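Contents: one structure, followed by commentary.
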Amino acid sequence: MLTVQVRDELAADLAQAERSRIPIDPLTTGNPDIDVVDAYEIQLINIRQRVAEGATVIGHKVGLSSKAMQEMMGVDEPDYGHLLDEMAVFEDKPVPSGRYLYPRVEVEVGFILADDLPGEGCTEDDVLAATAAFAPAIELIDTRIKDWKIKLCDTIADNASSAGWVLGAARVSPKDIDICNIDAVLTRNGEVVAKGRSDAVLGNPVTAVAWLARKVDSFGVRLKAGDIVLPGSCTKAFDATPGDDFVADFDGLGSVHLSFE
């Protein structure tokens, strides 16, 4: 467990790395006593600061939602980060690659909530009842840690390595599609680079959202009507370089496009 002063210092280091585009050494290297609670508190310090400066929290993302990633990190549950309005990227506007340090893209089925979710005790039925629609999504992830040399507490403190997201135009009701059986194909510059299916996310993306609702409640946060939730990737992440053009196509859910300049 870290002191409040050290948490504040590490949060400031991460914030400066994001502003300057100069990565820092892993937090876990210089602070071996850091734990998950420390890491979430560091994340929240920076989120609160950005909100105080004018940003708005409009959703959350779940990370480490595949068994393979959990095994790699040595954990038995996902992690989460915040989505801010200022992090949004758009299909019709290329992303300036220089805004990020090590950008990557992930393919996700986005959730758009129509109602608030309960916190403690939130179930999959609660999530489905509260979801207005699913949407095709690409999450833009990044790290402020040198060369992606991250451990669990590094990524949690760093807003779960989140940097942006884009939703495609389609909106499909949970009543009209099997959330566990959505095939996805990712192309980069016209070439297929990955294929996946929505049940790669904990066997059911709804499970990830219910976990998220319970988890954030323990930090005094709730998932609210209108929020966007990204439950985790259907495929592995892919590096994005200047000139790359990505399209994610989802069976029954349309497509989403993201390009980098």
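The values are calculated or read from the model by the stated rules, or taken from the named source; none is laboratory data. This structure is a prediction, so every number in the text was calculated from the model and none was measured. Cβ atoms come from the backbone with ideal geometry, glycine included; neighbour counts cover every protein chain shown. Only protein heavy atoms, including side chains, enter the accessible area calculation; ligands, DNA and RNA are left aside. Shrake-Rupley method; radii C 1.70, N 1.55, O 1.52, S 1.80 Å.
Can you tell me what share of the DSSP beta bridges in region 87-242 is antiparallel? A percent to the nearest 5 is fine. So the antiparallel bridges amount to about 95 percent of the total.
For a straight C-alpha distance cut-off of 24 angstrom, the lysines reachable from Lys195 (same-chain residues fewer than eight places away being disregarded) are Lys61, Lys67, Lys236. Each Lys and Arg contributes +1 and each Asp and Glu -1, all at the Cβ; summed about the Cα centre of region 55-112, the dipole is approximately 180 debye.
Looking at the chain, what % of its DSSP beta bridges pair antiparallel, to the nearest 5?
Taking every DSSP beta bridge within the chain, about 90 percent pair in antiparallel fashion.
Helices meeting the span-like rule in the chain (full DSSP H runs, Cα extent of at least 20 Å along the helix axis, mean Kyte-Doolittle score of -0.5 or higher): 4-20, 36-52.
Using alpha-carbon positions, what is the distance between the centroids of region 85-123 and region 47-70, in Å? So the separation of the two Cα centres works out to 8 Å. Each other residue within a Cβ distance under 11 Å of Arg197 adds +1 if Lys or Arg and -1 if Asp or Glu, for a net charge of -3. What you get for region 166-261, charging only the Cβ of Lys and Arg (+1) and of Asp and Glu (-1), is a dipole of about 520 debye around the Cα centre. Across Ile22, Ile45, Ile112, mean-square fluctuation computed from a Gaussian network of the chain (C-alpha pairs under 10 Å connected) peaks at Ile22.
Only the Cβ atoms of Lys and Arg (+1) and of Asp and Glu (-1) were treated as charged; on that basis the dipole of the chain about its Cα centre amounts to roughly 320 debye. Note on the chain: dipole from Cβ charges, positive end direction compared against Leu230, Pro205, Ala12; the farthest Cα belongs to Ala12.
For the chain, what does -39500 (n - 2.57) per DSSP helix run (n ≥ 4), summed and divided by total residues, give at 222 nm, in deg cm²/dmol to the nearest 500? Mind showing how you got there, number by number?
On the way: 7 runs with 71 residues, N = 261.
Per the formula, -8000 deg cm²/dmol.
In region 1-127, Rg over Rh equals 0.96, where Rg is the alpha-carbon radius of gyration and Rh the Kirkwood radius from pairwise Cα distances. Taking every alpha-carbon pair under 8 Å whose residues sit at least 6 apart, the chain reaches a relative contact order of 27 percent. Using the Cβ-Cβ distance between Lys149 and Ile22 with R0 set to 22 Å, the FRET efficiency from 1/(1 + (r/R0)^6) comes to roughly 0.90. Of the three principal axes defined by the Cα atoms of region 178-246, the extents in descending order read 42, 29, 19 Å.
With all protein chains present, how much of the accessible area of the chain (probe radius 1.4 Å) comes from carbon and sulfur, to the nearest whole percent? That share works out to 49 percent. Cross-link partners of Lys146 among aspartates and glutamates, defined as those whose alpha carbon lies under 14 angstrom from its own and excluding same-chain residues fewer than eight positions apart: Asp13, Glu18, Asp25, Asp154, Asp158.
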